[in-house]
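Could you have a look at this structure, given as structure tokens, before my questions?
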Amino acid sequence: MTAPAATGVAAVVAQLRTTDLDGSIAFYTQRLGFDLLFRHADFYAGLAIDGHEVHLKRVDDPDPSIVPVQRGGHLHLYLRVADVDAFAAAVTGRGVVLRRPVHDTAWGTRECVLHDDQGHVIHVGQVRPGGS
């Protein structure tokens, strides 16, 4: 089935749960380079980097998806960047620990893996020439 040519979708925005809204805002802005777009009371915030948004929602209990995602080799967010080596150097210089260093994949990308302050798994990568 083919989608209509003009769906009107301008963006897709992920929402991550956090037990510490202030800490998560600090992680994404100070460590990853996102900008804070808005904050609503003490339970919701919108962040953006290069025109792409992520929303954070404060909850009482840790996100139950964190452990199975970490164990299963899955991800919560994928950030496609122009230069993954430069991105990795920038964020490690700001204190981010890479859970998997920059590496080439069998599917044609160059990636690294990190966790946010809550444990959400973030893959960061670029398409290698001739990759997917």
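Can you pull out every residue in the range 47-66 that is β-branched (Val, Ile, Thr) and farther than 16 Å from Ile25 by Cβ?
Quick first cut of the range 47-66, residues β-branched (Val, Ile, Thr) only: 49, 54, 59, 66.
Across the range 47-66, the qualifying residue is only Ile66.
Checking Val69 against (1) more than 11 Å from the chain's Cα centre (by Cα); (2) of a type outside the set (S, T, N, Q); (3) outside any loop (DSSP other than H, G, I, E, B); (4) closer than 14 Å to Arg31 by Cα, which single condition isn't satisfied?
(4)
Considering only the range 34-57, state which residues are farther than 17 Å from His76 by Cα, of a type outside the set (D, E, K, R) and surrounded by 14 or more Cβ atoms within 10 Å (Cβ to Cβ).
Narrowing the range 34-57 to residues farther than 17 Å from His76 by Cα: 35-45, 50-51.
Restricting the remaining residues to those that are of a type outside the set (D, E, K, R) gives 36-38, 40-41, 43-45, 51.
Listed by number, the residues that qualify are Leu36, Tyr44, Ala45.
Looking only at strands (runs of 3 or more DSSP E) that fall completely inside the range 2-62, which ones have 1 or more residues that are polar (S, T, N, Q)?
Numbers: elements: 14-18, 35-40, 44-49, 52-58.
Result: 14-18.
Regarding Phe34, is this residue more than 24 Å from Val127 (Cβ to Cβ) and modelled with pLDDT of 95 or more?
Details: more than 24 Å from Val127 (Cβ to Cβ): no; modelled with pLDDT of 95 or more: yes.
In short, no.
Specify which of the listed residues (Arg100, Arg110) is closer than 22 Å to Ser24 by Cα and outside any loop (DSSP other than H, G, I, E, B). First the steps, then the outcome.
Numbers: Arg110 fails: closer than 22 Å to Ser24 by Cα.
Being closer than 22 Å to Ser24 by Cα and outside any loop (DSSP other than H, G, I, E, B) holds for just one of Arg100, Arg110, which is Arg100.
Would you mention how many residues in the range 32-83 are touching a residue at least 24 places away in the same chain (Cβ under 8 Å), more than 22 Å from Ala11 (Cα to Cα) and in contact with a strand residue (DSSP E or B) (Cβ under 7 Å, 6 or more places away or on another chain)?
7
The values are calculated or read from the model by the stated rules, or taken from the named source; none is laboratory data. Predicted, not measured: the structure shown is a model, and the values here were computed from it. Every residue, glycine as well, gets a Cβ built from its backbone with ideal geometry; the counts of neighbours run over all protein chains shown.
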